[in-house]
Amino acid sequence: LKVPEVIYQILDEAISEEEVEPKSDIPQTLHDFMADIKQTTPDAKAFALKLRQMVLLLEQRTRKAKIQEYLYRHVASSSIPKHLHCLALKLANEHSNNAAARLQLPSADLVPTLVDNSYFHFVLASDNVLAASVVAKSLIKNALRPRKFVLHIITDRKTYAPMQAWFSLHPLAPAVIEVKALHQFDWLSKGKVPVLEAMEKDQRVRSKFRGGSSAIVAKNNTEKPQAIAAKLQALSPKYNSLMNHIRIHLPELFPRLNKVVFLDDDIVIQTDLSALWDIDMNGKVNGAVETCRGEDSFVMSKRFKSYLNFSHPLIANFDPNECAWAYGMNIFDLEAWRKTNITLTYYHWLEQNLKSDLSLWQLGTLPPGLIAFHGQVHVIDPFWHMLGLGYQDNTTLSDAETAGVIHFNGRAKPWLDIAFPQLRPLWAKYIDFSDKFIKGCHIRVS
């Protein structure tokens, strides 16, 4: 009727280093534990000690399994799937051997549209041909006036040939498609480029600060699995990707454009986006969806404190409860942007984070973006950007279908095997699985 006090005392004691070490005489299962208790008939103290040892063993096993799960997810999300590698190689070969795969994009007669502000201009930065093809196709297919749409695709040097080959051989007329590698922009070929310098410094600091994934797992005997998962996530190549940082230089990359919509390559467009040009930005630079209000409390619960380290004195001046906003589908008023110091502010804070060994924030381009665009964000309707389809499966297919743009932000990208199967069809519907390149690389619906 009453649990002896000694049991509470023993179970409440702090865990010593000696107890953490594995022992061979600890019961491995509940059946073994009960058999041992029946055989030895211990007093309350001995019973509590035996119970404590077994609970610690089970906790260690659970923790190890959880860490292994995070490690496998990290590997699965960071590696380039064989079929994507195959697609890039086949398209690069096609680019070399087929003149039709080397067409100028856009054709000479359409070049003036690239700087014509009467058109709707979209910018997509990606080194993933398959992902870019889905964004482009979903954008144009759902456009009411596709002939007024101009999509500027920015890629890196190694992906330029495959990207050009794909869009040369898969035209999306009457829309205008431009494919351009970063090294082809005049602005990036002049002297030192802040984004490249920042990435180089970030890579040096991050490699010293983090170590490899196996080191992170091996060295952590006491940290919670979630903390280890965050460190593994910091190793993801996307956090040091030029495609991720390049959006901060849109005014310089497109000096003659007044307004653009910037798109991530893990989104799917499900409605006509020309209506975004009718939104009055009230003089603000960045039109974005807030991420602290909404029915999905897991996805829509992000505030400044979710991304920034408020225990650091440099961050303490900001409001931790201020609502965060999302990258992925953003309206940028480039005319208003050029009148601000947003880009300089972004790099100032990037430098501060590197100097502090990544102690202001650990991941991504959004935290410095939250600071740089502070006071320059115009909140748009959540219809334009539904988030979280890549890190939680609570979103139903019917809910996702009601959004204008859906975003597979998170590890479970729709082109990976770890994608959520009930949501992947929303992305896969924009792929022609009978296409010879798609079939040749064994890219399937699921």
FRET efficiency, residue 352 to residue 33 (Cβ-Cβ, R0 45 Å, nearest 0.05): 0.25
Between residue 282 and residue 82, Cβ-based FRET efficiency (R0 45 Å, step 0.05) works out to 0.40
Using θ = phi - 60° and the Karplus curve 6.51 cos²θ - 1.76 cosθ + 1.60, what whole-Hz ³J(HN,Hα) does each residue of region 401-415 get, with Gly and Pro shown as x? 5, 8, 8, x, 9, 10, 10, 8, 6, x, 6, 7, 5, x, 8
Considering the zone a paramagnetic label at residue 312 would reach in this model (a point 7 Å from Cα along the Cα-to-Cβ line), which residues of region 361-379 have amide N under 14 Å from it? 361-372
Positive minus negative residues near residue 375 (Lys, Arg vs Asp, Glu; Cβ under 15 Å): -2
Are any of the pairs 180/339; 90/180; 305/339; 148/302; 148/339 more than 31 Å apart by Cα-Cα distance, and if so, which? 148/302
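Ignoring ligands, DNA and RNA, please state the percent of accessible area on region 79-156 from carbon and sulfur, probe 1.4 Å.
Roughly 56 percent, rounded to a whole number.
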Residue by residue, what Karplus-based ³J(HN,Hα) values in Hz, rounded to whole numbers, does region 40-45 have, using 6.51, -1.76 and 1.60 with θ = phi - 60° and x for Gly and Pro? 8, 6, x, 7, 4, 5
Can you tell me the accessible area per residue over region 325-446, all protein chains present, probe 1.4 angstrom, in square angstrom? 41
Net length gained if the chain between residue 98 and residue 305 were fully extended (0.36 nm per residue, minus Cα distance): 69.3 nm
Mind giving me the nanometre distance, one decimal, between the label points for residue 118 and residue 374, set 7 Å out from Cα along Cα→Cβ? 4.2
Give me the distance between the Cα centres of region 315-367 and region 390-446, rounded to whole Å. 30
Hey, can you rank 411-417, 286-292, 298-304 by average C-beta count inside 10 Å, highest first? 286-292, 411-417, 298-304
With a 1.4 angstrom probe the carbon and sulfur portion of accessible area for region 273-408, in percent, totals 49
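With every protein chain kept in place and ligands, DNA and RNA left out, what is the accessible area per residue of region 22-158? Probe 1.4 Å, answer in Å².
Averaged over the residues of region 22-158, the accessible area is 55 Å².
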Explain nothing, just compute: Karplus ³J(HN,Hα) = 6.51 cos²θ - 1.76 cosθ + 1.60, θ = phi - 60°, for every residue of region 269-278 in order, whole Hz, x for Gly and Pro. 8, 10, 8, 6, 9, 5, 5, 5, 6, 8
Residues with amide H under 5 Å from that of residue 287, placed H, sequence gap 5 or more: 331, 332, 333, 378
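Which FRET efficiency value, to the nearest 0.05, is calculated for residue 340 and residue 292 with the Förster distance at 25 angstrom and r the Cβ-Cβ distance?
0.55
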Got a number for the accessible area of residue 40? Probe 1.4 Å, square angstrom, nearest 10. 80
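The values are calculated or read from the model by the stated rules, or taken from the named source; none is laboratory data. Here the structure is a predicted model, which means the values were calculated and not measured. Note that we place each Cβ from the backbone using ideal geometry, even for glycine, and neighbour counts take in every protein chain shown. Surface areas here come from the heavy atoms of the whole protein model, side chains and all, with no ligands, DNA or RNA. Shrake-Rupley method; radii C 1.70, N 1.55, O 1.52, S 1.80 Å.
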